[in-house]
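Please read the structure below before turning to the comments.
The values are calculated or read from the model by the stated rules, or taken from the named source; none is laboratory data. What you are looking at is a predicted structure, and each value in this text was computed from that prediction instead of being measured. With ideal geometry, Cβ positions are generated from the backbone for all residues, glycine too; neighbour counts draw on all protein chains shown.
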Amino acid sequence: MSHGRGLAIGVATALGALAVAAWLVTRETEPPPSRQGGTLTVASALGGGDGGTEGFARAFEPRAFTFPEDHGPHPAFRTEWWYWTGNLETADGRAFGYQFTLFRSALAPEVPLRESAWGTRDVYLGHFTVTDVSAGRFHVAERFSRAALGLAGATTRPFHVWLEGWEARSEGEAMWPVRLRATTDEASLELTLEAGKPPVLEGDRGLSQKSAEPGNASYYYSMTRMPSRGTVRVEGRTYAVTGESWMDREWSTSALGPDQVGWDWFSLQLSDGSELMYYQLRDRSGTPDPFSSGTWVPPASAADSAPVHLSRDEVALTVEKTWKSPRGGEYPARWNLRVAKLGLALTVTPKVADQELPVSVRYWEGSVALEGSREGRPVAGRGYVELTGYADTAAPARNGTATTRGMPEAK
């Protein structure tokens, strides 16, 4: 929902689960297995005007980040998420993309006093997708559970975030490497991630301001190029894969302003060893919001490897093509992205057209290919894009799991 990221993003989907979260916390049994998807909006999920912020910590000013502690949970805030995306391939070139996200959402600042062992204030939501680029197929699943009886939770030492059988955990006493695991009937992922480049603090030293109101912000960092290896299973066949992942971490209590309805978020890994994160927030008229923001991370070999902050006015983003969802709504489907001060010009193209998640908050998030130039030299690359607020209408989810079909757009 950040993808986020920027809003980390995918973020919205986490808070969008509050309706189901309330169901979970106030009852002694699990929710019904079938429900409608896409009935919540990003604006209602991430706004701070419902009075739900009272008693929670908020992101007002930059803070000192400490690792590995900040990889773990931040229970004083209403919402946080651990967000991984990545592009993988087999030895013979079969390509896959994945998204694995675990969200924590608190319904109250304090743990309620209840005798039941089911009682908790926190609910966890997970989204898991696999894009099978060669087959032009997209597999998506959503899962909920309360943080009670060991069903879901998060710890710092050892690092472990889990939602029933879906989890991210350190393989040993040290933080890295981290193992990701997620399984559904149609797809599964088991991946080992190394740290790669050090954490990048987004925004103002990790304070990512999303609108003018003080506190409408998140604490946000990224790990932009994580060597990854493991296996992907789709439709009964398992593939050994390697590639690179991107991790976003955000925690906040409110983010979007009253006139903001969604965003386009990009996490791009270029062939020259640099990375670009950019999120463009949109208001109700579709106009880019002045609080849109980004970061360019130079190659590790660069003489000056300090990340470069990018404002909205420094990034030119133009939509070249759109895609109409069969579930309703129309999304951007190819972009020109230019940053003059970096000498960067990119064309960003989805690898598969239909990478839409028909879940609680319906959004598009998928694998993309890059081509263009930086400082006059050709570059290529790959990444992920997240698009929210384009399809805020009801759409059916098939028992929390969906598979969509589409022809590959690029490889």
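Exactly one condition in (1) in contact with a Pro (Cβ under 9 Å, 6 or more places away or on another chain); (2) within 18 Å of residue 81 (Cβ to Cβ) is not met by residue 262; state its number.
(1)
With the condition kept exactly as written, say whether any residue in segment 189-197 is on the phi < 0 side of the Ramachandran plot, surrounded by fewer than 20 Cβ atoms within 10 Å (Cβ to Cβ), modelled with pLDDT under 95 and not polar (S, T, N, Q).
no
Among the numbered conditions (1) part of a strand (DSSP E or B); (2) at positive phi, tell me where residue 150 comes up short.
Of (1) part of a strand (DSSP E or B); (2) at positive phi, only one is false for residue 150: (1).
Inside segment 201-222, can you point out the residues that are crowded, with 24+ Cβ neighbours inside 10 Å and of a type outside the set (Ser, Thr, Tyr)?
202, 210, 216, 217 - these are the residues of segment 201-222 that are crowded, with 24+ Cβ neighbours inside 10 Å and of a type outside the set (Ser, Thr, Tyr).
Provide a single number: the residues in segment 183-216 that are in a strand (DSSP E or B), over 19 Å from residue 160 (Cα atoms) and in contact with a Ser or Thr (Cβ under 6 Å, 6 or more places away or on another chain).
Within segment 183-216, residues that are in a strand (DSSP E or B), over 19 Å from residue 160 (Cα atoms) and in contact with a Ser or Thr (Cβ under 6 Å, 6 or more places away or on another chain) number 3.
Scan segment 270-293 for residues that are of a type outside the set (D, E, K, R), touching a Lys or Arg at 6+ places or on another chain (Cβ under 8 Å) and under 15 Å from residue 210 (Cβ atoms) and report the count.
Matching residues across segment 270-293 total 9.
Among what's in segment 114-147 and is of a type in the set (Gly, Ala, Ser) and either surrounded by 22 or more Cβ atoms within 10 Å (Cβ to Cβ) or outside any loop (DSSP other than H, G, I, E, B) (or both), pick the residue that is farthest from the chain's Cα centre (by Cα).
147
Okay, residues lined up against (1) surrounded by fewer than 20 Cβ atoms within 10 Å (Cβ to Cβ); (2) acidic (Asp, Glu); (3) touching a Leu at 6+ places or on another chain (Cβ under 7 Å); (4) assigned to a loop (DSSP other than H, G, I, E, B):
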| site | (1), (2), (3), (4) |
| --- | --- |
| 265 | no, no, yes, no |
| 276 | no, no, yes, no |
| 285 | yes, no, no, yes |
| 291 | no, no, yes, yes |
| 318 | yes, no, no, no |
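Determine whether residue 272 is in a loop (DSSP other than H, G, I, E, B) and modelled with pLDDT of 95 or more.
It is true that residue 272 is in a loop (DSSP other than H, G, I, E, B) and modelled with pLDDT of 95 or more.
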